[in-house]
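For reference, the structure is listed below as structure tokens.
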Amino acid sequence: MIRIGGQSMLLNSTGVIAKSQREEESALLRRKVEELNKNTARLIVEAGKLIQESKQLSAQVKSLETPARS
């Protein structure tokens, strides 16, 4: 971290960026991570529903394959 003209700057391997720019980028990344977490949770819920439906369909197929005993 360095100060140029009273402004905090971050020195990294690609150059110097303003602290405010770095904070904006960090906030954007945090929002993207939150969005990914929400989407992941939705996918997990949907996967659970699909697994249950698959089990139900499998049970129905097995019942149709098994001859009824009289």
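Where a Cα-Cα gap under 23 Å defines reach, which lysines qualify for Lys49, not counting those fewer than 8 residues away within the same chain?
Lys38, Lys62
Below 14 angstrom from the Cβ of Glu46, what's the summed charge of the other residues (Lys, Arg +1; Asp, Glu -1)?
Residues near Glu46 contribute +2 overall.
Once you put a point 7 Å from the Cα of Glu53 and another 7 Å from the Cα of Glu65, both along the Cβ direction, what distance in nm separates them?
Computed distance between label sites Glu53 and Glu65 equals 2.1 nm.
Each value in this text was obtained by applying a stated rule to the coordinates, not by laboratory testing. Predicted model, so just to flag it, every value in this text is computed and none were measured. Using ideal geometry, Cβ is built from the backbone for each residue, glycine included, and neighbour counts are taken over all protein chains shown.
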